[in-house]
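Student: Take this structure first; my questions come after.
The values are calculated or read from the model by the stated rules, or taken from the named source; none is laboratory data. Just so it is clear, the structure is predicted and the values come from calculations on it, not from any experiment. Don't worry about glycine lacking a Cβ; one is built from the backbone with ideal geometry, like all the others, and counts go over all protein chains shown.
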Amino acid sequence: MKAFAQLFLSLDETNKTNEKVKVLKDYFNAVPDTDKMHMLALFTGRRPRRPINSTLVRNWAIEASNIPAWLFEESYQVVGDLAETMALLMPQSSQSSSKTLTEWIGEINSLYDKTEEEKKEWLVQSWAMLDTQERFVFNKLLTGSFRVGVSQNLVVKALADISGLDAAVLTHRIMGSWLPETYRFAQLMEEQDEAANISRPYPFFLAYPIQETSEKQKTPAEVGTALGDASDWQAEWKWDGIRAQMIKRGGEIFIWSRGEDLATEKFPELHPFLNALPDGTVLDGEILSFQNGLPMPFNVLQTRIGRKNLSKKILEESPVAVIAYDCLEYAGEDIRYKTQSERRDLLEQLQAVTPFPEVFRISALIKFDSWDELGTIREQSRAMIAEGIMLKRKSAAYQVGRRRGDWWKWKIDPLSVDAVMIYAQKGHGRRADLYTDYTFAVWDGDKLVPFAKAYSGLTDAEINKVDYFVKRNTIEKFGPVRTVKPELVFEIGFEGINKSTRHKSGIALRFPRILRWRHDKPKEEADTLETLKALLGE
């Protein structure tokens, strides 16, 4: 655990890519192969299930720290991270442990069959064997809150550097479903028959946003300057669904989400079409809810995400279909090296021999002769229930990860309203002592009705000024939240808006964030609930 804890903290201490890669390489070269695989699993989102609920862990930590519960909670509000708070408050360890990461995770996994008393005894003994640094990382693993500020691409680069293997090959090998307990590091490094693992998806190719600033999109003229001749590009609608790969190999079918979750059983409506595909086919596309031949907003699809059992009612209210926009494997051959146009031709051939129009569509190409014409078409995005337009170079191969140059997303500008801040809460991590999480309201007659929370969009200087305001204009406190004088007005941007029975305002926003602080606008001129309902079409 010492080596893994040091890795975690060393990565957290630097923002330089080369230093992060060096730290990763040093770790790979220093630890046993089993620890390498567990580290890979953790860094690619394959965390162990949480064996003890957070409430029990918190209570046992308070007891082990020998401090009052109120003092623990006050400390937590200042630190902003439960794992770190527990690590800091416990007495310094008089023991040490030489257990490896693999051994610790093995013990964590063995807790599922233990009694509550046995879990407590093991946990208290474990804390006593770890120093503060190790305890912090250990607590992250135990509570399911382990996150690391390193992309999978950097981990793969470090592996590629020490092994001499191609990064794209390694990325493909760590895709899909595998367990660090059974997938050996030697297997990862060895020459593999990639066709042997029939369920394995390909790494997704991700588009870059083509925009002027973080919120302002480029004009058609600016897009033309950046991308050149319009005839070199194909355009499609950018759909708002679940990105997925659909696989038919060895007579079996698989659906993988972009987050590498196997979702085959989540979408039974797609099984007949997938089974009808020729063997050795892999498609890339978007799963959306459809009704009467038209895509539905993402919030409809959300009603079935995460459900273990799909009732007849859910299937009827949120039927799905695939809009496929790429073919990655055809007749058992990896065709990612072919051009976009060539892959498109093969995709159209597959559609012709797989007639399931209700659930299998291919992304329609948008016809345009100039960037100005495409810019005009793009303005229809919301009417199409789309987020904007995808631009793909016709001569491009299908690449790995996010690459500049060949795939761009030209999104529409966000919807926005001016709203009044009414509540504030402290953030987490480095912002744990600052009020950075805000609740906003709009006018409903002479009352302010909360409708959205947002925590991103302000500069550090602006956050400090808002924090200063909150601390001096608090009306009341309830738990970690402060009610503040309703004076500050902000422009809130969002991607979509839907009806909601769970919110007092009756609406829910998709991806709300702060666009700017409206110093020029008094609270009386903030927008109204009617403004929001008008965006719903009411």
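Student: Name, by its number, the condition in (1) without any contact (Cβ under 8 Å) to a residue 24 or more places away in the chain; (2) over 20 Å from Ala207 (Cα atoms) that does not hold for Ser257.
Tutor: (2)
Student: Out of Leu24, Leu7, Leu42, I need the residue that is buried (at least 21 other Cβ atoms within 10 Å of the Cβ), more than 21 Å from the chain's Cα centre (by Cα) and closer than 18 Å to Phe136 by Cα. Which one?
Tutor: Numbers: Leu24 fails: closer than 18 Å to Phe136 by Cα; Leu42 fails: more than 21 Å from the chain's Cα centre (by Cα).
On inspection, the qualifying residue turns out to be Leu7.
Student: Return the total of residues in the range 141-174 being buried (at least 19 other Cβ atoms within 10 Å of the Cβ) and in a loop (DSSP other than H, G, I, E, B).
Tutor: 2
Student: Also: Check whether at least one residue in the range 118-127 is assigned by the TED database to the domain that holds Leu40, within 28 Å of Asp26 (Cα to Cα) and buried (at least 18 other Cβ atoms within 10 Å of the Cβ), and report yes or no.
Tutor: Within the range 118-127, one or more residues are assigned by the TED database to the domain that holds Leu40, within 28 Å of Asp26 (Cα to Cα) and buried (at least 18 other Cβ atoms within 10 Å of the Cβ).
Student: Same structure again: Can you tell me which residues in the range 260-294 are more than 19 Å from Arg200 (Cβ to Cβ) and of a type in the set (Gly, Ala, Ser)?
Tutor: Once the filter is applied, which keeps residues that are more than 19 Å from Arg200 (Cβ to Cβ) and of a type in the set (Gly, Ala, Ser), the range 260-294 yields Ala276, Ser289, Gly293.
Student: Something else now. Quick check: is even one residue across the range 140-149 small (Gly, Ala, Ser) and more than 21 Å from the chain's Cα centre (by Cα)?
Tutor: Just the residues of the range 140-149 that are small (Gly, Ala, Ser), to begin with: 144-145, 149.
Cutting the leftovers down to more than 21 Å from the chain's Cα centre (by Cα) gives us none.
No, because not a single residue in the range 140-149 is small (Gly, Ala, Ser) and more than 21 Å from the chain's Cα centre (by Cα).
Student: I would also like to ask the following. What tally of residues in the range 486-521 results from selecting those that are touching a Pro at 6+ places or on another chain (Cβ under 7 Å) and farther than 14 Å from Ala454 by Cβ?
Tutor: 4
Student: Taking the stated definitions as given, is Ile67 out of contact with any Cys (no Cβ under 9 Å at 6 or more places or on another chain), surrounded by fewer than 17 Cβ atoms within 10 Å (Cβ to Cβ) and assigned to a loop (DSSP other than H, G, I, E, B)?
Tutor: Values: out of contact with any Cys (no Cβ under 9 Å at 6 or more places or on another chain): yes; surrounded by fewer than 17 Cβ atoms within 10 Å (Cβ to Cβ): yes; assigned to a loop (DSSP other than H, G, I, E, B): yes.
The answer is yes for Ile67.
Yes/no matrix, rows are residues, columns are (1) touching a residue at least 60 places away in the same chain (Cβ under 8 Å); (2) basic (Lys, Arg); (3) in contact with a strand residue (DSSP E or B) (Cβ under 9 Å, 6 or more places away or on another chain):
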{"position": "Leu328", "(1), (2), (3)": "yes, no, yes"}
{"position": "Glu333", "(1), (2), (3)": "no, no, no"}
{"position": "Arg336", "(1), (2), (3)": "yes, yes, yes"}
{"position": "Arg344", "(1), (2), (3)": "yes, yes, yes"}
{"position": "Val353", "(1), (2), (3)": "yes, no, no"}
{"position": "Ile366", "(1), (2), (3)": "yes, no, yes"}
{"position": "Asp369", "(1), (2), (3)": "yes, no, no"}
{"position": "Ser381", "(1), (2), (3)": "yes, no, yes"}
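Student: Out of everything in the range 514-534 that is in a helix (DSSP H, G or I) and in contact with a Gly (Cβ under 9 Å, 6 or more places away or on another chain), what residue ends up being nearest to Ile492 (Cα to Cα)?
Tutor: Initially, the range 514-534 is screened for residues in a helix (DSSP H, G or I), giving 523-525, 529-534.
From what is left, the residues that are in contact with a Gly (Cβ under 9 Å, 6 or more places away or on another chain) are 529, 532-533.
Working: Leu529: 14, Leu532: 12, Lys533: 15 Å.
Going through the qualifying residues, I end up with Leu532.
Student: Looking at the structure I just gave you, is Leu328 touching a Pro at 6+ places or on another chain (Cβ under 7 Å) and either of a type outside the set (A, V, I, L, M, F, W, C) or at pLDDT 80 or above (or both)? First the steps, then the outcome.
Tutor: Working: touching a Pro at 6+ places or on another chain (Cβ under 7 Å): no; either of a type outside the set (A, V, I, L, M, F, W, C) or at pLDDT 80 or above (or both): yes.
The answer is no for Leu328.
Student: Suppose we filter the range 83-113 for residues that are more than 31 Å from the chain's Cα centre (by Cα) and either assigned to a helix (DSSP H, G or I) or at positive phi (or both); how many remain? Before you say what the answer is, go through the steps one by one.
Tutor: To start, the set of residues in the range 83-113 that are more than 31 Å from the chain's Cα centre (by Cα) comprises 89-99, 113.
The next check asks that each one be either assigned to a helix (DSSP H, G or I) or at positive phi (or both); those that pass are 89, 113.
Residues in the range 83-113 being more than 31 Å from the chain's Cα centre (by Cα) and either assigned to a helix (DSSP H, G or I) or at positive phi (or both): 2 in total.
Student: Any idea how many residues of the range 39-74 are touching a helix residue (DSSP H, G or I) at 6+ places or on another chain (Cβ under 6 Å), of a type outside the set (A, V, I, L, M) and closer than 20 Å to Met1 by Cβ?
Tutor: Result for the range 39-74: 5.
Student: Tell me, yes or no, whether the range 200-223 has at least one residue that is over 28 Å from Ile497 (Cα atoms), loosely packed, with under 14 Cβ neighbours inside 10 Å and either in contact with a strand residue (DSSP E or B) (Cβ under 6 Å, 6 or more places away or on another chain) or in the same structural domain as Asp334 (by the TED database) (or both).
Tutor: Checking the range 200-223: at least one residue is over 28 Å from Ile497 (Cα atoms), loosely packed, with under 14 Cβ neighbours inside 10 Å and either in contact with a strand residue (DSSP E or B) (Cβ under 6 Å, 6 or more places away or on another chain) or in the same structural domain as Asp334 (by the TED database) (or both).
Student: Look at Met390 and say whether it is on the phi < 0 side of the Ramachandran plot, touching a residue at least 24 places away in the same chain (Cβ under 8 Å), buried (at least 16 other Cβ atoms within 10 Å of the Cβ) and assigned by the TED database to the domain that holds Glu495. Working first, answer last.
Tutor: Details: on the phi < 0 side of the Ramachandran plot: yes; touching a residue at least 24 places away in the same chain (Cβ under 8 Å): yes; buried (at least 16 other Cβ atoms within 10 Å of the Cβ): yes; assigned by the TED database to the domain that holds Glu495: no.
So Met390 fails the test.
Student: Of all residues in the range 264-288, count the ones that are in a strand (DSSP E or B), of a type outside the set (D, E, K, R) and either surrounded by fewer than 21 Cβ atoms within 10 Å (Cβ to Cβ) or under 24 Å from the mean Cα position of the chain (by Cα) (or both).
Tutor: 5
Student: Against the definition (out of contact with any His (no Cβ under 9 Å at 6 or more places or on another chain) and not assigned by the TED database to the domain that holds Met246), how does Val359 come out, yes or no?
Tutor: Values: out of contact with any His (no Cβ under 9 Å at 6 or more places or on another chain): yes; not assigned by the TED database to the domain that holds Met246: no.
The answer is no for Val359.
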